[in-house]
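Here the structure is laid out as structure tokens; the discussion comes afterwards.
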Amino acid sequence: MSPTRRQAATGLFAAAGAALLPGRVRAEPQPVVEASDDPSAPPVSLDVQESKNEHLLAPVTINGQGPYHFLLDTGANASCVSARLMNDLLLPPGPPTRVHTVVGVKTRPSVMIDRLTVGARNRRRVRAPALPIRGADVDGVLGIDWLKGQRLTMDFKASSIAITSSRPDRPSEGTVVVPARRRLGQLTIVDADLSGERISAMIDSGAHVSLCNAPLRDLVMAAEIRRGRSEPPMAVELESLAGERFEGQLFFLPFLRLGGLHLGNVAVVYADMHVFKIWGLKDAPALVLGMDLLKQFDAVALDFGRSQVRFDMSEPKRLADMGRFGAGTRIRV
């Protein structure tokens, strides 16, 4: 497939070398703060905004001030603040913290927050890394330390999020429920394959684009060669939320199955990324489902208590997205 056709098919990349922003950050494997799985915790329902890079921004207050715009990142195991917010609020310093990004690990300063509030939920005495976050529209990162044993619903159609107690979920018309497992706090879909080959797939709302590791890239390239296709992937430039730049390769997955959900012509970027090693996903084919793919659905619900993911898509949306991706696309629920 030529670069022009690829760009038209996804609508995600203006040109080769365009800046992509998989803005994910992860604290040292131990969570900075332990989350509560108290079923009596009040439910949270919030309207969210969209950053210039299409991430979801939730309103968060710090020590009674705000609201500030925190990027919702299901790939981050701990919440963080921007260095700008740390200085503006004169937050007291905590001990240095090792923070992992897609590129590597660095020691960053941390701050102590007396009260961090999301909707009706308050957290006290939170230690959070402070990062040199690029972009004035993001004040921090809201990680999964808020979601232990809970259910997060990202409603893209209504531009809202909800954090509620875990509950049973069954497939229905226009929805697919897929089993997952918890890996370092994140949810990884286990019932997934690429053209019949088993893969792992992680949901990461902090990634602007969908990403893969070397074994998955090699799997796709080998299949392309067997089909007599030898076109090289498109080179792209990526930048982390902390401003770290690196290069990647854009190509398309011919057929992806997530439980009962079937997708074709899925854009994905390969880069030699440090985070796959952290997750223990370096040696087997693995995929990170970023916002470019998640926003094809009306809503995506991650249930950390029951270890499952629900995808919702209305019939009009399914038809519209099939047309957008072109004749080669197959989306079935």
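Using C-alpha positions alone, give me the convex hull volume of the range 222-286 per residue in cubic angstrom. It would help to have the intermediate numbers written out before the result.
On the way: hull volume 8.2 nm³, N = 65.
In the range 222-286, the Cα convex hull volume per residue is 126 Å³.
Residues in the range 74-79 carry Karplus couplings, in order, of 6, x, 9, 8, 8, 7 Hz; the curve used is 6.51 cos²θ - 1.76 cosθ + 1.60 with θ = phi - 60°, and Gly or Pro positions show x. Equivalent-ellipsoid semi-axes for the range 173-311 (Cα gyration tensor, √(5λ), whole Å, largest first): 23, 19, 14.
Please give the peptides 256-262, 222-228, 143-149 ranked by average Cβ packing (other Cβ atoms within 10 Å per residue), highest first, as a rough proxy for protection.
Numbers: 256-262: 19.1, 222-228: 10.9, 143-149: 22.3.
With the highest mean Cβ count within 10 Å placed first, the list reads 143-149, 256-262, 222-228.
Taking 2.2 N^0.38 Å as the expected size of a compact globular protein, what ratio does the Cα radius of gyration of the range 170-252 give against it, to two decimals? Numbers along the way, then the final one.
Numbers: Rg = 15.8 Å, N = 83, 2.2 N^0.38 = 11.8 Å.
For the range 170-252, the normalised Cα radius of gyration comes out at 1.34.
If R0 is taken as 30 Å, the Cβ-Cβ distance between Arg182 and His262 corresponds to a FRET efficiency of 0.75.
Structural size metrics of the range 84-228, computed from C-alpha coordinates, are Rg and Dmax of 19.4, 60 Å.
Cα centroid separation, the range 181-231 to the range 265-289: 7 Å. For the peptides 72-81, 271-280, 45-54, the ranking by packing is 72-81, 271-280, 45-54, with the highest mean count of neighbouring Cβ atoms within 10 Å listed first. Percent of Cα pairs in the range 164-214 per distance bin of 10 Å, from zero to the largest separation: 19, 46, 31, 3. Here's the picture: a label point sits 7 Å out from the Cα of Asp88 along the beta-carbon direction, and within the range 97-120 the residues with their amide nitrogen under 20 Å of it are 109-119.
Sorting the Cα pairs of the range 106-163 by distance into bins of 10 Å, from 0 upward, gives 16, 44, 34, 6 percent per bin. Please say if the range 56-125 is rounded, prolate or oblate, where rounded means a/c under 1.5 for a ≥ b ≥ c the square roots of the C-alpha gyration tensor eigenvalues, and otherwise the choice is prolate for a/b larger than b/c and oblate otherwise? Oblate, because a/c is 1.5 or more while a/b does not exceed b/c.
No lab work stands behind these numbers, since they all come straight from the coordinates. Keep in mind that what you see is a predicted model, and the values were worked out from it rather than measured. Here the Cβ is made from the backbone with ideal geometry for all residues, glycine too, and neighbour counts use every protein chain on show.
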